[in-house]
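Heads up: the structure comes next, in structure tokens.
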Amino acid sequence: MRITRTVSSRRGRRSAVVVATSVLTASALLLTGCSSDNGSGDSSSDSANGQITLTVADYGQFGYKEAGLFAKYHKLHPNITVKENVTANEADYYPKLLQELNSGSGLGDVTGIEVGRIKEVVSTKADSFVDLSKTINPSDWVSWKEAQATTDGGQVIGAGTDIGPMSLCYNRELFQKAGLPTDRDQVAKLVAGGWDDYLKLGEKYKKNAPSGTYFMDSASAMYNAVVSSSTKQYYDKDGKPVYKSSPSVKKGWNLAAKAAKEKLTQGLPQFDPAWQTALRKGTMATVVCPAWMAAQIATYAGPSYKGKWDIAKAPGTTAANWGGSFLAVPKAGKHTKEAAALVKWLTSPAQQAAVFKAAGLFPSNKGAYSLPDVQNGKLPYFNNAPIGKIYAQEAASIPVAVIGAKDADIKDAISKQINNMEQRGTKPADAWSAATDKIDKIIG
């Protein structure tokens, strides 16, 4: 995310996290959005003495202010001041972006684009953006990342920021009380067979679960993790919606339905106030954890749970990615050359490593993985989990998934109905019918 992206890829607001070269300090956890420059009108400005201002329009948290990158860029380029215009929710940001692209006004010099939207932008709005193929080297990124922002003609409309390699966050204290192993390697072995093993572990937890606790927070989160590990998700390579027959969607749905039926889940939509409260009260034993999720847990669980959470490898042998964004340069900007140079700098290895250290957002530029701030990154809040190594290993084997134009809308509709199975006891067949009816109306 950044997090509040309200596409189901990351719906909540991503909290800022500081990852030191070897540790992340809990005291640096801040709610995102508090440090935004809420501007409007012209995206860039000029002064008589040659000074220019570039506006970065984004959503949630991209980590640039937390890492001090805008101030650093101004020192390197004294004639350029960078301001950030942050929209809290991606769901509010994206419609506004489309309106601005259609009118050609109000745009930032640099704009963020969520991975759940990138296919639609590439397919319908590529002509509105500067081609970055000569500015950046797409091969510097994990292969599937830049492919998502590239048109059939080879135009690159965005440079990758973060990605969300998967892991499993778990409450060590609750595991111990339930008679389960607490060592991260032992936990990883218990779920090595995949998400079916994850549910089996949940059944073991349920037998001795401390009163008032649940194995997982949300079955819809598990569903998204299952689908994210597949190359075939909601669309085929020709752009045809195939969510009704997609093996990963079927598997994820069936597992979610089982989790709801067996009462393994607390049934809380991630990032909602009730979910935040449950973290603070310590009522959930596991949370599906893309790289950016750790900050959410640390923020809302609070200092009393420091060291009581840990991070293990995600279930199964197939890596998964959940979330991520891009920076693009609208052609309507006054300073597209300077804006493209800023994008190149912000997404380079050193700057992505700095963002990881400051905000916990995992880099998509491969060059960052060998840098100390990433390679040696640990989280004291999570029992000093070696997240740099865990996520770098996961990122290296994430499958190249087909991204469709309405991926985000499809995810949202399905996730909503999974929540209904959990909270209202809706029968799986009825929930699926409601989800598909809504999706069919959206995609036409």
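So here's what we get for this one:
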{"read-out": "1.4 Å probe accessible area per residue over the chain, in Å²", "value": "38 Å²"}
{"read-out": "Environment charge of Ser167, counting only residues whose C-beta is closer than 14 Å and scoring Lys/Arg +1, Asp/Glu -1", "value": "+1"}
{"read-out": "For the stretch 164-252, diffusion coefficient by Stokes-Einstein and Kirkwood Rh (Cα), 25 °C, 0.890 mPa s, µm²/s", "value": "168 µm²/s"}
{"read-out": "Computed Kirkwood radius, in angstrom, where 1/r is averaged over Cα pairs of the stretch 189-324", "value": "15.7 Å"}
{"read-out": "Relative contact order computed over the stretch 220-334 (Cα-Cα under 8 Å; 6+ residues apart), in percent", "value": "29 percent"}
{"read-out": "Size-normalised alpha-carbon gyration radius of the stretch 54-131, reference 2.2 N^0.38 Å", "value": "1.17"}
{"read-out": "Cross-link reach list, aspartates and glutamates versus Lys145, counting only Cα pairs under 18 Å and skipping chain neighbours closer than eight places", "value": "Glu114, Glu120, Asp131, Asp162, Asp236, Glu394, Asp407"}
{"read-out": "For the stretch 362-430, diffusion coefficient by Stokes-Einstein and Kirkwood Rh (Cα), 20 °C, 1.002 mPa s, µm²/s", "value": "139 µm²/s"}
{"read-out": "Cross-link reach list, aspartates and glutamates versus Lys389, counting only Cα pairs under 12 Å and skipping chain neighbours closer than eight places", "value": "Asp373"}
{"read-out": "Relative counts (whole %) of C-alpha pair distances in the stretch 290-373, using bins that are 5 Å wide", "value": "3, 12, 16, 17, 18, 15, 9, 5, 4, 2, 0"}
{"read-out": "Value of Rg to Rh for the chain (Rh from inverse mean 1/r over Cα pairs, i.e. Kirkwood)", "value": "0.96"}
{"read-out": "Radius ratio Rg over Rh of the stretch 133-214, counting only Cα atoms, Kirkwood formula for Rh", "value": "1.28"}
{"read-out": "Ratio of Rg to Rh over the stretch 90-168 (Cα coordinates, Kirkwood Rh, two decimals)", "value": "0.97"}
{"read-out": "Kirkwood Rh (inverse of mean 1/r, distinct Cα pairs), the stretch 318-444, angstrom", "value": "18.0 Å"}
{"read-out": "21 Å Cα-Cα threshold exceeded, pairs from Lys331/Lys411; Lys204/Lys258; Lys119/Lys232; Lys207/Lys250; Lys306/Lys378", "value": "Lys331/Lys411; Lys207/Lys250"}
{"read-out": "Helix 336-346 vs. the chain, principal-axis angle (Cα, 0 to 90°, nearest 10)", "value": "40 degrees"}
{"read-out": "Radius 10 Å from Cβ of Ala340, net charge of other residues (Lys, Arg +1; Asp, Glu -1)", "value": "0"}
{"read-out": "Net charge contributed by nearby residues that have their C-beta within less than 12 Å of Tyr73 (K/R +1, D/E -1)", "value": "+3"}
{"read-out": "Accessible-area composition of the chain, carbon plus sulfur, in percent [1.4 Å probe]", "value": "49 percent"}
{"read-out": "Fluctuation leader among Ala359, Ala320, Ala91 - the chain, Gaussian network, Cα springs under 10 angstrom", "value": "Ala91"}
{"read-out": "The stretch 318-364 - convex hull of alpha carbons, volume per residue in Å³", "value": "103 Å³"}
{"read-out": "Set of aspartates and glutamates near Lys438 by C-alpha distance (under 13 Å), chain-local residues within fewer than 8 positions excluded", "value": "Asp409, Asp412, Asp430"}
{"read-out": "Net charge dipole size for the chain [Lys, Arg +1 and Asp, Glu -1 on Cβ; Debye, nearest 20]", "value": "1180 debye"}
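The values are calculated or read from the model by the stated rules, or taken from the named source; none is laboratory data. Because the structure is predicted, anything quoted here is derived from the model rather than measured. Virtual Cβ from ideal backbone geometry, glycine too; neighbours counted across all protein chains shown. Keep in mind that these areas ignore ligands, DNA and RNA; they rest on the heavy atoms of the full protein, side chains included. Shrake-Rupley method; radii C 1.70, N 1.55, O 1.52, S 1.80 Å.
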